[in-house]
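Please read the structure below before turning to the comments.
The values are calculated or read from the model by the stated rules, or taken from the named source; none is laboratory data. As the structure is a computational prediction, the values presented were derived from the model and not from experiment. Reconstructed Cβ throughout: ideal geometry from the backbone, glycine too, with neighbour counts over all protein chains shown.
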Amino acid sequence: MTPSSLPPNVQVIDPQANAVLTTSYDRGAEEPAWYESSSAVSAKHSPEVVNLALSDSRVPVQPFVVYHDDFLKVLGPNPKLKLIAKNETYPFAHEAGVWIPSTREVFFTSNQFYGDSKHQHRQIVISKIKLPEYSDTADDADDVLYEWENIAPHPPILSGNGGTNYEDGLLLCQQGSGLVPGALVYMNPKPPYTTRTILNNFYGRPFNAPNDVVVLPMDGSLWFTDPDYAQLQTLRRFQRLPNQVYCFQPKTGSVRMVADGLTRPNGIAFSPDCSKCYVTDTEAYDGRGSNLAEAAATIYVLDVVEQISPSGELSFYLANKRVFAFADCGAPDGIKVDLAGNVYSGCGDGVHVWNPCGTLIGKILVPRGIANFCFADPGVIILLNESRIFEMRCAAQGALVR
């Protein structure tokens with residue numbers, strides 16, 4: 001596919017032009033400037049002045065940025081990005097993004113916000129959005145918003161964050177509050193949204209603030225990150241463990257630390273064949289709203305290694321940690337992988353996509369960035385943008401999506 005044959009919402013960045021900039025530049029991890037320009041601007045312009053003309057719904061005119069031809073396979077012949085939900089009163093769409101195919105619903109958690117005058121404390125709420133049945137004739141108008149609603153789990157999940165599919169429902173990370181520790185909590189996806197705690201301590205030591213979780217299909221073990229954001233944001237006062245990655249085996253009750261040496265481990269995902277584990281380090285996000293240009297904004301990859309105990313019990317551990325990629329804007333937060341092995345992560349200017357070799361192949365530009373997202377139906381990605389939710393149509397299909 002040549003640039004002249006690309007859809008008008010796709011722009012191609014010349015790698016040579018990207019290597020040496022001819023204009024002044026000086027930015028760190030913050031979001032680059034958003035330039036409002038005509039959609040007719042050539043894609044061959046310098047990459048620091050990409051075409052970001054915005055429509056009234058704040059969707060860039062050219063949101064799909066191609067750095068490598070591999071990204072064209074992700075996009076397919078007719079990629080689309082549209083706004084499907086919004087609420088400017090509070091950041092309702094921040095983390096998780098768990099797709100439940102049976103009900104066509106995506107569950108997600110808000111960012112922290114202050115309640116009304118009667119509730120002067122920070123809170124995090126859980127919501128869900130219903131997706132329609134897609135078809136080639138579906139209405140793609142930008143002003144068509146889907147239904148979403150807040151839900152009230154019982155017992156409550158305190159300061160919910162990342163999540164994943166688990167059993168017949170979903171597993172959410174509880175960051176905790178006050179003296180209530182962080183935990184992994186199962187939630188039924190149907191009213192009254194009953195919950196039960198799966199794990200809330202490491203042999204008596206409370207977790208910091210579990211951030212994201214994924215299930216290893218081979219043995220059903222739960223793998224999750226545990227950074228100190230609850231302490232940085234004063235949700236909880238004390239930190240009793242280093243920032244680490246853990247594996248919990250529900251069948252036996254065994255919990256193990258499987259990776260350390262990360263400043264703030266955040267997102268976690270497995271490759272399609274589960275031979276590799278990707279973990280993001282969001283040190284560049286200081287937990288107080290600032291981006292640190294000198295800090296880690298890195299994705300690490302580790303090998304998933306099979307081990308059999310003397311008693312014949314099968315387990316897995318991580319080995320050979322090495323750098324996979326570094327994000328130029330913000331930090332890589334939520335992370336997912338498609339069936340081709342491409343790695344996606346929410347960053348300060350949208351979603352960045354790398355091929356399995358760690359080469360940045362493209363970006364999905366979204367104003368104010370993306371913390372997390374999820375694959376839904378084949379060719380559908382739901383992007384959580386704090387006060388807005390976007391839907392992307394493309395050719396990619398998420399790995400490990402049920």
Filter pass, Phe71 being closer than 19 Å to Pro367 by Cβ, surrounded by 15 or more Cβ atoms within 10 Å (Cβ to Cβ) and modelled with pLDDT of 55 or more: no
Search result, residues across the range 170-182 that are within 19 Å of the chain's Cα centre (by Cα) and part of a strand (DSSP E or B): Leu170, Leu171, Leu172, Cys173, Gln174
Test set (1) modelled with pLDDT of 80 or more; (2) out of contact with any Pro (no Cβ under 9 Å at 6 or more places or on another chain) - Ser24 fails condition number: (1)
Residue within the range 269-279 that is modelled with pLDDT of 95 or more and in contact with a Ser or Thr (Cβ under 6 Å, 6 or more places away or on another chain) present: no
Options Ile370, Ile308, Ile335; residue that is farther than 30 Å from Leu145 by Cβ and among the β-branched types (Val, Ile, Thr): Ile308
Residues (modelled with pLDDT of 80 or more and in a loop (DSSP other than H, G, I, E, B)) located in the range 109-122: Ser110, Asn111, Gln112
Test set (1) modelled with pLDDT of 95 or more; (2) assigned to a loop (DSSP other than H, G, I, E, B); (3) among the aromatic types (Phe, Trp, Tyr) - Tyr246 fails condition number: (2)
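Conditions (1) within 17 Å of Thr298 (Cβ to Cβ); (2) modelled with pLDDT of 95 or more, marked per residue:
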| position | (1), (2) |
| --- | --- |
| Leu314 | no, no |
| Lys321 | yes, yes |
| Ala331 | yes, yes |
| Gly341 | no, yes |
| Gly346 | yes, yes |
| Val351 | yes, yes |
| Ile361 | no, yes |
| Cys374 | no, yes |
| Ile382 | no, yes |
Ala297 being under 16 Å from Ser221 (Cβ atoms) and either out of contact with any Leu (no Cβ under 8 Å at 6 or more places or on another chain) or small (Gly, Ala, Ser) (or both): no
Residue within the range 307-315 that is β-branched (Val, Ile, Thr), under 25 Å from Cys394 (Cβ atoms) and surrounded by fewer than 21 Cβ atoms within 10 Å (Cβ to Cβ) present: no
Any chance Gly261 is modelled with pLDDT of 95 or more and in contact with an Asp or Glu (Cβ under 7 Å, 6 or more places away or on another chain): no
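Every residue, every condition in (1) in contact with an Asp or Glu (Cβ under 8 Å, 6 or more places away or on another chain); (2) surrounded by fewer than 24 Cβ atoms within 10 Å (Cβ to Cβ), yes or no:
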position	(1), (2)
Val351	no, no
Ile370	yes, no
Ala376	no, yes
Gly379	no, yes
Leu384	yes, no
Ile389	no, no
Gly398	yes, yes
Per-region count, the range 265-306, residues over 16 Å from the mean Cα position of the chain (by Cα), more than 22 Å from Ala209 (Cβ to Cβ) and surrounded by fewer than 19 Cβ atoms within 10 Å (Cβ to Cβ): 9
Checklist (1) assigned to a loop (DSSP other than H, G, I, E, B); (2) surrounded by fewer than 24 Cβ atoms within 10 Å (Cβ to Cβ); (3) touching a Ser or Thr at 6+ places or on another chain (Cβ under 8 Å) applied to Pro332, failing item: (2)
All positions within the range 123-165 that are modelled with pLDDT under 80 and of a type outside the set (A, V, I, L, M): Tyr134, Ser135, Asp136, Thr137, Asp139, Asp140, Asp142, Asp143
Test: residue in the range 195-208 that is without any contact (Cβ under 8 Å) to a residue 60 or more places away in the chain, buried (at least 24 other Cβ atoms within 10 Å of the Cβ) and under 24 Å from Phe113 (Cα atoms): yes
